[in-house]
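Everything on this sheet refers to the single structure shown next.
The values are calculated or read from the model by the stated rules, or taken from the named source; none is laboratory data. Computed from a predicted structure; not experimentally measured. Note: ideal-geometry Cβ built from the backbone for every residue, glycine included; neighbour counts use all protein chains shown.
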Amino acid sequence: MNWRYATKSMNGTLVPQEKIDIILESIRLSASSIGLQPYNVLVISDRDLLEKIQPIAFNQGQITQASHLIIFAAWDKITQERVDAFISNIAVSRGVEESSLGIMRGYGDNFVAQSAEDNFKWAARQAYIALGTALVAAASVEVDSTPMEGFNTEALDELLGLKERGLKSVSILPIGYRDAEKDWLAPLKKVRTPKEELFVFDGELLVS
């Protein structure tokens, strides 16, 4: 984590497929409330498509300098069909009957009963957990990355046809290799809150 930083300039070198696979599998295995994973993850490497995405992301250079662009897109609504698929996956994976998963189905049904707006806000937060996992996974195999919210979500959704898939983009992650000679941030010391200020231990709390 000391090695990684939000890379501002990448050199265009392709990341080996085995490292891409590690990053994507880490995203797939990321923590998610009740395991629902209410999002999809798009993996873009087509250069023409990246060129189209770049102006949507305010012409940030990493979009086309990256090896791949990972897009985290949250479900716009948690539907009964999505919950049914979730329950079926658990049953098949664990070799149990769906009828034994009443508690899990109840959790899912609670989401179905909520508004689409509440669904999306929750799903977006879940997608950010996966984004954090991706950052750590990339760093673990010494692949650079830059988490971004700086893009026109509506334009990106339209370009990629996400509405038709019941998705809304929430964050994007170019991954690749730093161009240390051109990246002004590369040589700078990493700055974070001192641990004495960041962490509060239970012995310091005034618990009533």
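Annotations for the structure displayed:
- Looking across the stretch 147-161, the residues that are surrounded by 14 or more Cβ atoms within 10 Å (Cβ to Cβ), out of contact with any Gly (no Cβ under 9 Å at 6 or more places or on another chain) and not aliphatic (A, V, I, L, M) come down to PHE151, ASN152, THR153, ASP157.
- Among the residues making up the stretch 1-59, those that are among the acidic types (Asp, Glu) and either over 18 Å from ASP144 (Cβ atoms) or in contact (Cβ under 8 Å) with a residue 60 or more places away in the chain (or both) are GLU25, ASP46, ASP48, GLU51.
- Residue in the stretch 169-176 that is among the β-branched types (Val, Ile, Thr), in contact with a helix residue (DSSP H, G or I) (Cβ under 7 Å, 6 or more places away or on another chain), surrounded by 12 or more Cβ atoms within 10 Å (Cβ to Cβ) and in a helix (DSSP H, G or I) present: no
- Candidate set: the stretch 29-63, residues that are part of a loop (DSSP other than H, G, I, E, B) and polar (S, T, N, Q); chosen: the one farthest from ALA130 (Cα to Cα): ASN59
- Scanning the stretch 143-162 for residues that are within 18 Å of the chain's Cα centre (by Cα) and outside any loop (DSSP other than H, G, I, E, B) yields ASP144, SER145, MET148, THR153, GLU154, LEU156, ASP157, LEU160.
- Yes/no for TYR128 being more than 30 Å from GLU18 (Cα to Cα) and in a helix (DSSP H, G or I): no
- The residues of the stretch 17-67 that are among the hydrophobic types (A, V, I, L, M, F, W, C), within 13 Å of ILE172 (Cβ to Cβ) and touching a strand residue (DSSP E or B) at 6+ places or on another chain (Cβ under 7 Å), listed by number, are VAL41, LEU42, VAL43, ILE44, LEU50, ILE53, ALA57, ILE63, ALA66.
- The stretch 177-187 - residue that is of a type outside the set (A, V, I, L, M) and touching a residue at least 12 places away in the same chain (Cβ under 8 Å) and, of those, surrounded by the fewest Cβ atoms within 10 Å (Cβ to Cβ): TRP184
- Any hit, the stretch 133-142, residues being without any contact (Cβ under 8 Å) to a residue 60 or more places away in the chain and assigned to a helix (DSSP H, G or I): no
- Test: SER208 is at pLDDT 95 or above, of a type outside the set (A, V, I, L, M, F, W, C) and not in a helix (DSSP H, G or I): no
- Residue among SER67, SER30 that alone is hydroxyl-bearing (Ser, Thr, Tyr) and within 20 Å of TYR177 (Cα to Cα): SER67
- Hey, SER99 assigned to a helix (DSSP H, G or I), of a type in the set (S, T, N, Q) and either crowded, with 19+ Cβ neighbours inside 10 Å or under 18 Å from the mean Cα position of the chain (by Cα) (or both) or not: no
- Check on GLU97, touching a helix residue (DSSP H, G or I) at 6+ places or on another chain (Cβ under 7 Å) and without any contact (Cβ under 8 Å) to a residue 24 or more places away in the chain: yes
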